[in-house]
Amino acid sequence: MATEGEPPQGGHELDFGSGSKDPTPPPVPPVPTEGEAGNPASASPVVPEQVPPAPEQAFPPPGQPSPVQPYGVQPGQPGQPYAAQPAQPYPGQPAQPHTGQQGQPYAGQPYGAQPGQPYGAQPTQPYPGQAAQPYSGQPYGAQPGQAAQPGQPYGAQPTQPYPGQPYGAQPTQPYPGQGDGTQPPKKSSKGLLWGLIGGGAALLIVAILVVALLVVPALTRSSVTAADTVKAYLTAVSKGDAKAALGYLESVPDKKLLTDPVLKASEKLGGVSHISVKKGGESKYSATVAASFEVGGRTVSTTYEAYKDKDTWKIANGVTPISLDSLRGLDATFNGVPTADITDAYVFPGTYEIALDSKYFSIDGDSTFAIASYDDASALYDVRTKLNDAGVSEFRSLVRSSVEACVAMKTLSTPCGMDITAIDLSGASPVEGTVTRTLTADGSAKLDALQPESNGSSPTVVSAYDYISVDMQLQGSDGQTYTVTFGGSLGTPTVDFGKAAPQVTWE
């Protein structure tokens with residue numbers, strides 16, 4: 001047993017900071033041999049310490065002396081071995097016991113090595129900020145031929161540096177502060193790269209869509225002129241597509257005659273064809289477009305007025321208003337469409353036929369009209385109707401019946417006229433109920449030849465202006481019989497065939 005003040009036999013005395021300010025340094029341990037350096041079992045307990053990273057210093061070529069001092073050699077300490085331990089610890093490092101006399105080297109002991117340990121043996125205490133690593137028993141700085149094992153302490157490296165790499169560089173280990181091999185590796189930067197690429201592609205697609213939505217429609221709209229709109233409108237009319245044609249027009253009050261069936265009937269009669277539109281005459285918001293086409297077998301030249309409505313052109317005078325007043329009450333049709341309920345009529349350019357679904361009337365003159373302008377439409381104001389043969393016969397029959405009824409009356413006045421209430425009888429006065437009337441032969445012939453015509457108030461109202469002679473006699477207050485020479489003529493017979501039961505009225 002060792003006595004007080006003597007070091008224990010067979011080992012070295014280690015001072016763990018008993019508090020003595022000037023401890024007696026233990027004997028300098030012998031420098032471990034090559035065999036001992038590779039035997040971790042013979043190493044003494046490791047004292048925790050912090051080893052600063054080796055500076056990036058390249059070794060000189062073989063056979064040439066190093067131009068710089070070995071790491072750890074202090075100025076003014078010639079002959080001190082490589083990595084000799086300085087007497088003072090690094091900032092934050094606990095004080096280490098002296099292993100030799102002050103000012104003397106550690107007998108060749110490398111920096112940070114404990115007695116019996118080879119140079120660079122890994123301490124068990126981690127660097128500041130580094131997770132603690134288990135001691136695997138492998139000395140710091142693996143020997144050639146030894147690969148790094150999982151759990152190997154930080155700093156395991158081959159004894160020979162890579163070409164061009166400073167001594168102590170660690171190709172497979174992270175730098176201090178980046179984690180160790182036991183921590184999960186960081187995500188590959190490829191994910192970030194692909195994310196950036198994907199985000200950039202998405203932004204590019206959005207930009208392309210914005211261009212497509214804003215620029216392309218703008219270019220398309222700017223390329224459509226007023227002349228193009230007029231031509232598209234006339235083309236739709238020529239194809240009988242009323243809905244498409246209406247899309248090029250401003251609002252129309254009445255569309256009863258602006259339908260596909262009306263255009264189909266127009267095409268059979270002579271629709272729009274050979275369209276020619278002249279470009280030009282277009283300003284920013286309005287345009288005047290000259291167009292020509294064939295309709296009803298004749299060439300029509302007309303001018304269309306257009307205006308800009310937002311981004312499209314609208315035609316202001318694409319359809320033509322027409323008057324159907326001459327057909328009121330006659331059960332008329334316009335290209336097959338009944339006109340009874342149409343007040344404001346409008347038509348596309350085309351050919352139209354008027355037909356009367358009437359027992360007594362027909363059109364007096366042309367019944368087919370090619371309409372492409374206001375001038376063409378004015379012809380409809382001159383449309384006249386007349387009684388057909390059946391109508392004339394019915395008119396004559398109604399008038400004769402009315403005349404014969406009036407002639408048979410004995411009164412001074414009748415519904416047919418022939419009023420003699422104010423006749424001058426040379427001082428005598430006519431006596432009521434004494435009148436005798438007789439239809440003459442000439443008068444009867446005139447009744448058979450009446451020529452009815454429209455009186456202008458309505459197309460269904462007709463009148464006859466022929467003179468029909470009737471002989472009359474009466475008694476005076478003086479008891480004498482008088483013959484009426486002047487006065488007492490029949491009125492003008494008029495019949496309204498628009499009524500359910502036509503009757504004769506006298507005017």
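The values are calculated or read from the model by the stated rules, or taken from the named source; none is laboratory data. Predicted, not measured: the structure shown is a model, and the values here were computed from it. Cβ placement follows ideal geometry from the backbone for every residue including glycine, while neighbour counts extend to all protein chains displayed.
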Restricted to the range 333-366 and to residues being farther than 22 Å from SER273 by Cα and hydroxyl-bearing (Ser, Thr, Tyr), the residue modelled with the lowest pLDDT is THR343
> Is one or more of the residues making up the range 385-404 within 53 Å of the chain's Cα centre (by Cα) and modelled with pLDDT of 90 or more?
Replying inline: no
Original post:
Is it true that some residue in the range 357-366 is closer than 22 Å to PRO253 by Cβ, in the same structural domain as ASP254 (by TED's automatic domain parsing) and surrounded by 14 or more Cβ atoms within 10 Å (Cβ to Cβ)?
Top reply: no
Wholly inside the range 247-339, strands (runs of 3 or more DSSP E) that include 2 or more residues that are more than 38 Å from the chain's Cα centre (by Cα) are 286-295, 298-309, 332-334
Out of (1) within 26 Å of ASP424 (Cβ to Cβ); (2) surrounded by 16 or more Cβ atoms within 10 Å (Cβ to Cβ), the one THR460 does not meet is (1)
